[in-house]
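Worksheet: the structure to be examined is printed underneath.
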Ligand SMILES: C[S@@+](CC[C@H](N)C(=O)[O-])C[C@H]1O[C@@H](n2cnc3c(N)ncnc32)[C@H](O)[C@@H]1O
Ligand code: SF4
Ligand code: SF4
């Protein structure tokens, strides 16, 4: 029953987008909620790593999280509880995960795992009910890792990953999937196989993934501009990058039909590539989600994507002019 509901919820938005509907009678089933846009690392292609000042900084509190879940939780099947910061720094993280799990919503995080962790912390994290933990580690050696995860500690990450994995296998009730996330850049492309071997040795899943150019600027610039600025980071094999001179232009975006991003301060953004509150479509602490989801900003963004006349300029207008993300 749950599987049928999940499939239905994930197909419905695409049908409405395909039919060109701009007023939507359903709620999205998958959302991202920002745990907090502060971080202990300084990754060069991440706006938080760059200490970008265009967004207000903070962590979501349990009360704000609860308010979101109490309003839209019954429609949700998945929450990504991270976006532009380090989720393990949020003191309310476990309470939020438990609150979502009690409502049978899958919840996952992505973490740099570059922090000292007590045995007890590892255990409660694994017992919290998270469905997945992505561990961001773009290197298979100390030297390579440090080029992207500035301020991080490769040995600490490896050690934490091993401890998490070992504990997971002791806890028979633990269903959390651990995935080492390895984004391929020019500086680490020679270590893909080494990383795969290391992961196999540790008995942990690895996902070799496409890199993105400067993630805070993607919406505002063309592919060509991103390639020019970030060419030193681009891997030789274009299959490992979301941008490529050969890639076809995206013909549109369905994200304002399928997903939403809720910032730590309640601001609602149309997707997780948009960073600053100045592009918000509304704030869930000021208006109900039902009001925001079909407000003038949302309807204008959808109409703009469909090539129809509309009334309000949104960040999706800018993104479309840039050729859409990764176009
Ligand atoms: C901004 S991070 C926030 C979560 C956490 N701090 C982390 O790094 O996992 C969100 C996601 O972006 C990914 N990421 C960071 N830099 C990237 C890049 N240049 N290209 C693609 N993904 C990237 C991370 O691996 C992570 O899964
Ligand atoms: S660890 Fe994550 S949030 Fe922190 S700077 Fe790196 S990519 Fe950004
Ligand atoms: S059009 Fe661009 S800014 Fe708008 S939702 Fe899509 S990717 Fe995000």
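The values are calculated or read from the model by the stated rules, or taken from the named source; none is laboratory data. Keep in mind that this is a model prediction, so the values were computed, not measured. Backbone-built Cβ (ideal geometry, glycine too); neighbour counts: all protein chains shown.
Among all positions in region 136-144, there is at least one residue which is surrounded by fewer than 17 Cβ atoms within 10 Å (Cβ to Cβ) and part of a helix (DSSP H, G or I). Filtering region 185-205 to residues that are within 15 Å of ligand 1 (Cβ to nearest atom) and on the phi > 0 side of the Ramachandran plot leaves nothing. Just wondering, is there one or more residues in region 302-315 that are assigned to a helix (DSSP H, G or I), surrounded by fewer than 19 Cβ atoms within 10 Å (Cβ to Cβ) and touching a strand residue (DSSP E or B) at 6+ places or on another chain (Cβ under 9 Å)? Checking region 302-315: not a single residue is assigned to a helix (DSSP H, G or I), surrounded by fewer than 19 Cβ atoms within 10 Å (Cβ to Cβ) and touching a strand residue (DSSP E or B) at 6+ places or on another chain (Cβ under 9 Å). Note on region 85-120: residues that are within 15 Å of ligand 1 (Cβ to nearest atom), surrounded by fewer than 20 Cβ atoms within 10 Å (Cβ to Cβ), within 19 Å of the chain's Cα centre (by Cα) and outside any helix (DSSP H, G or I) amount to 2. The C-beta contact set for region 131-142 (first residue more than 15 Å from residue 82 (Cβ to Cβ), second residue part of a loop (DSSP other than H, G, I, E, B) and away from ligand 3 (no atom under 16 Å from the Cβ), distance under 7 angstrom, 6+ apart or interchain) comprises 138/149; 138/185.
For region 303-316, residues that are more than 14 Å from residue 278 (Cα to Cα) and under 24 Å from the mean Cα position of the chain (by Cα) total 1.
Screening residue 216 against (1) closer than 27 Å to residue 37 by Cβ; (2) in a helix (DSSP H, G or I); (3) within 14 Å of ligand 1 (Cβ to nearest atom); (4) out of contact with any strand residue (DSSP E or B) (no Cβ under 7 Å at 6 or more places or on another chain) leaves a single unmet condition, (2).
Could you tell me whether residue 67 is assigned to a helix (DSSP H, G or I), away from ligand 3 (no atom under 16 Å from the Cβ) and either touching a strand residue (DSSP E or B) at 6+ places or on another chain (Cβ under 7 Å) or modelled with pLDDT of 95 or more (or both)? Judged against the criteria, residue 67 is a match. Applying the criterion of being in a helix (DSSP H, G or I) and free of Cβ contacts under 8 Å to residues at least 40 places away in the same chain to the residues of region 159-189, the residue that is farthest from the chain's Cα centre (by Cα) is 170.
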